[in-house]
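Notes to accompany the following structure.
The values are calculated or read from the model by the stated rules, or taken from the named source; none is laboratory data. These numbers were taken from a predicted model, which means no experiment stands behind them. No Cβ is skipped: glycine too gets one built from the backbone with ideal geometry, and neighbour counts run over all protein chains shown. Ligands, DNA and RNA are excluded from the accessible area calculation, which covers all protein heavy atoms including side chains. Shrake-Rupley method; radii C 1.70, N 1.55, O 1.52, S 1.80 Å.
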Amino acid sequence: MRKFLPWIIVGGIIVILFFWMKGVNNTAVTLNQNIEESWGNVQTSYQRRNDLIGNLVNTVKGAADFEKSTLTAVIEARAKATQVTVDPTNITPEQLAAFNSAQSGVSSSLSRLLVSVERYPELKANANFLKLQDELASTENQILTARTRFNEAVKPYNNHIKTFPNSLFAGIFGFQEKAYFNAVEGAERPVEVQF
């Protein structure tokens, strides 16, 4: 029995290491799936906004002789925003910065559009336009919530793969740190509204 004791101890250590590494990997996989789901919710919220922009533009076009430059800026910003894609399995700070930049262009154009509309009393009274404005406000809140939930999903994943001793094996299993959504540059300054 004594000659097998070292082999039993080594076998026990190997079994313990196997189950521990399995736990590290499976937890990271689960947390990564939560991030991908959260990212899908972010994209869904932005898609909803992009879909509503088309309706808003058509409503404004039909109800007012509108400033073409503002309308064109909204349409172009929407087109740029829909071209930027982010791979949810490998989210990098650069990808999020490009995505944020494209989406902030949409937000900026939309705010100029909504401010310009204030000049048209018949449009402000249009029930369809008012409904679209409410939908856009609701969508912006959904975007904020989706982005917040995405960051909340990234935190436990990053904590899991960066804490010792998990960090020893996370890289071996191919798990890399995920980027957080940050505010776009200049977001700390108040928006200047001019009539």
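Taking label positions 7 Å along the Cα-Cβ direction at both THR44 and PHE18, the computed distance is 4.0 nm, reported to one decimal. Simple spin-label estimate for PHE173 and GLU36 gives 1.5 nm between the two label positions (7 Å along the Cα-to-Cβ direction from each Cα). Largest accessible area first, the residues ASP51, ASP134 order themselves as ASP134, ASP51 under a 1.4 Å probe with ligands, DNA and RNA left out.
Which order do ARG2, ARG49 take when ranked by solvent-accessible area (1.4 Å probe, heavy atoms of all protein chains), largest first?
Values: ARG2 210, ARG49 0 Å².
My answer, sorted largest first, is ARG2, ARG49.
Seen from ASN141, the other residues with C-beta closer than 14 Å to its C-beta sum to a net charge of +1, counting Lys and Arg as +1 and Asp and Glu as -1. Size descriptors for segment 3-57, from the alpha-carbon set: Rg then Dmax equal 23.9, 82 Å.
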